[in-house]
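Have a look at the structure below before the remarks.
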Amino acid sequence: MCGIVGYIGKKNALPIIINGLKRLEYRGYDSAGVTILNNKNQLLTFKRAGKVADLEKNINKDIFSGDTGIGHTRWATHGEPSDINAHPHYSSDDSIILVHNGIIENYKFLKNNLIKENYKFATETDTEVLVNLIHFNYANTKNFEKAVQISLTAVEGTYGIACMCKYEPDKIIAARKGSPLLIGVGIEEILVASDPSAVLNYTKKVIYLEDGEMAVVTKSGYGLKTIEDIQVLREAEELDLLQGEIEKGGYDHFMLKEICEQSETIQNTYRGRINFDTGVAKLGGLENVLEKMLKARRFIITACGTAWHAGLVGEHMIEQYCRIPVEVEYASEFRYRRPIIYPDDIIIVISQSGETADTLAALREAKKHGATTIGIVNVIGSTIAREVEAGTYIHAGPEIGVASTKAFTSQLMSLVLITLMLAKEKNVKLQDSLLSLAEELKRLPGKIQKMVDKREEYKKVAEKFKDSKNFLYLGRGYNFPVALEGALKLKEISYIHAEGYPAAEMKHGPIALIDKNMPIVIIAPLDRTYDKIISNIEEVKARKGIVIALANDEDENIKNYADYILRVPKTLALFAPIINVIPLQFLSYYIAAIRGCDVDQPRNLAKSVTVE
Ligand code: M6R
């Protein structure tokens, strides 16, 4: 959720840490801070509520100068966003400094014990408890490494931490449990970060810490061990990521860039995985579980937010084309309701970041029951990607905008590939042959590009609705999850209330909301549900609602019903959600941008929700 950067080397640490924090701001951005070891061996801390840019503007660069330091950008969990609650946190006597991602669940217990030892607390945060616990153990051991180790064994919950000690100022200690952390190994410099994007400018060599591991980093190198004190030997791996891939590339916002990239990103998802002469899909990462997938009692797809919407589309695809029963579960609910999971179930977890705490917990629950687990993940080397039995990367590239866009269409494309792979093996009689599906797949990037190129048309519709207070999104079948996704995108970035509904459900309640001020986005492609959708539109018109129809280019009839039209190319049902979501992404993007909202960093949200 929050972001961590640490630096130790020969250069001035502050600009490197600030630069890294900016790259991590998408993880959390309600406050930020740094601690720098200056030339007089003093640890100086500066932190404040607000964005990294505020920190950068206000910090005295002459004073905060030195070759070692740690920094943090925060998304509040315990305690409001404020200067005092910002990280780094320090022990009562300022000798130990800590930045922390995650949640210490037993912090109240630990805090009460420390209060009995006369510790005083300035904040409500769990992090201040941990830093004082390290201090307490340092007082007993006079060994920083040992103090961290002992403290972490007492902690319940999750953490990614980096910390420094006034009495051993030449080192940074980093540790991880449930919150991602890595070490970037450069030439005569080492970085610690919660995300590779923070180190990419300096090195491509990284070592991901595993849960329960810690690293002691000094100018002369690093050592890895478990918190149980067992030495760990692991080679650095090479990052296959370009800095350009995580920059805006001339667009006003990352979100716009990411929407516009989708003709390319979906190709990256299917490249090398489909034979266009036969329509047969092959996913290398799933080969070891293919037999189990074919014999499975049922599939359970579990995920959160946008990834959950992708799962709902996947349910339609897999049930319809492969005749395998599929259930879709919110990961955040799944583990808490003692789910019935059989060893011959297949659990598919979908996650852009691969770090979402709820999704990870659902995955671990499924593993406990002996089910086969499969991941559909974007971030390579992420925790979920590493913990699943088998999986497929969506290869959408780094997604920086908090509102997920290109990851959604690539998740859908991965589900298409899984569907095609299983449909072939199951020999199901398909409505569209494998070959015709593969041929349409080849046309898909061109169709997406056509929509991207005419995005000004979508913008014109957006301009009309910048002041709306509420929206309804309606769709049927495959397009119901697309309606949910359209509504989520709008809420997230423009703060306009929006709800998605199956179109036929409207008359069972939401119809009461309709009046002359209510815009209703209705997904109305020329498919077998078309006549029914037209009836739904008529119900809306009869109540004076404003109809924004998402309709195919060739549909002339829709002009008789709709007030505004978002035109999309026609495609086969299997690909319709990928096509249809794109104008909805543009609509929400432009509405938010016109309203002057902070599109890439909407209030209260974080890109990757690594707390429950
Ligand atoms: O990284 P994940 O795909 O696991 O994230 C799941 C959700 O937190 C995420 O999709 C969230 O809903 C986005 N902000 C949607 O735009």
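Computed from the coordinates by the stated procedures, all read-outs in this text should not be read as laboratory data. This structure is a prediction, so every number in the text was calculated from the model and none was measured. Cβ atoms come from the backbone with ideal geometry, glycine included; neighbour counts cover every protein chain shown.
Note on segment 454-600: Kirkwood hydrodynamic radius from all Cα pairs is 14.8 Å, rounded to one decimal.
Can you tell me the orientation of helix 107-116 relative to the chain, as the angle in degrees between its alpha-carbon axis and the longest Cα principal axis, to the nearest 10? Roughly 20 degrees, rounded to the nearest 10. Measuring from centroid to centroid over Cα atoms, what is the spacing of segment 567-612 and segment 333-360 in Å? Going from one Cα centre to the other spans 25 Å. Based on DSSP, what percent of beta bridges with both residues in the chain are antiparallel, to the nearest 5? Expressed as a percentage, antiparallel bridges in the chain total about 60.
Per-residue ellipticity at 222 nm computed for the chain from its helices equals -11000 deg cm²/dmol, with DSSP H segments shorter than 4 residues left out and the rest contributing -39,500 (n - 2.57). Each label was represented as a point 7 Å from its Cα along the Cα-to-Cβ direction; for residue 188 and residue 83 these points are 3.8 nm apart.
Highest-first packing order for the peptide set 536-542, 115-121, 428-434, 86-92 is 86-92, 536-542, 428-434, 115-121, based on the mean count of other beta carbon atoms within 10 Å.
FRET efficiency for the pair residue 512 and residue 559, taken as 1/(1 + (r/R0)^6) with r the Cβ-Cβ distance and R0 = 22 Å, rounds to 0.20.
Could you state the angle between the C-alpha long axis of helix 13-24 and the longest principal axis of the C-alpha atoms of the chain, as a value from 0 to 90 degrees rounded to the nearest 10? Roughly 20 degrees, rounded to the nearest 10. Hydrodynamic radius of segment 376-418 by the Kirkwood approach over all distinct alpha-carbon pairs: 10.8 Å. Highest mean first, the peptides 180-192, 484-496 sorted by other C-beta atoms within 10 Å per residue fall in the order 484-496, 180-192. For the chain, the Kirkwood hydrodynamic radius from C-alpha pairs, put into Stokes-Einstein at 20 °C and a viscosity of 1.002 mPa s, yields a diffusion coefficient of 84 µm² per second. Take each peptide in 436-445, 565-574, count the other Cβ atoms within 10 Å of every residue, and average; sorted highest first, the result is 565-574, 436-445. So what's the gap between the Cα centers of segment 378-426 and segment 1-69, to the nearest angstrom? So the separation of the two Cα centres works out to 34 Å.
With respect to the chain, whose longest principal axis is taken over its alpha-carbon atoms, helix 576-594 is tilted by about 60°.
One Cα centroid belongs to segment 446-469, the other to segment 491-511; the line between them spans 20 Å.
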